[in-house]
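This report refers to the structure that appears directly beneath it.
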């Protein structure tokens, strides 16, 4: 029996709130992350979610395109793109985001 997906980590929710100030975009981003969370993947869903968020950089359309492309054909390719972003300090999306307090 498949284990029920865990809740969305707080760091992901806070990062989405920080990046997507439009309420509708934020709601749509949560739907996207829930989709990723329930998908059958060859990588950790939270890791992939963090990669998608970093690549999108606040653009909901980029998030949608990544999902529509079936994660570029392989979720590991999304993570590798995220790792190529200049000044990226994420370790393949494994470590939670550090959210700056406003």
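The values are calculated or read from the model by the stated rules, or taken from the named source; none is laboratory data. Quick caveat, the model's predicted, so the values are computed rather than measured. We place every Cβ from the backbone using ideal geometry, glycine too, and count neighbours over all the protein chains shown.
For the range 68-102, the set of residues classified as closer than 14 Å to residue 33 by Cα, out of contact with any helix residue (DSSP H, G or I) (no Cβ under 6 Å at 6 or more places or on another chain) and assigned to a helix (DSSP H, G or I) consists of 68 only. Return the residues of the range 8-55 that are closer than 17 Å to residue 79 by Cβ and outside any helix (DSSP H, G or I); say none if nothing qualifies. Result: 9, 39, 40, 41, 42, 43, 44.
Residues in the range 69-93 that are closer than 20 Å to residue 18 by Cβ and surrounded by 11 or more Cβ atoms within 10 Å (Cβ to Cβ) were compared, and the one that is modelled with the highest pLDDT is 82. Here residue 66 clears all of (1) touching a residue at least 24 places away in the same chain (Cβ under 8 Å); (2) crowded, with 20+ Cβ neighbours inside 10 Å except the condition numbered (1).
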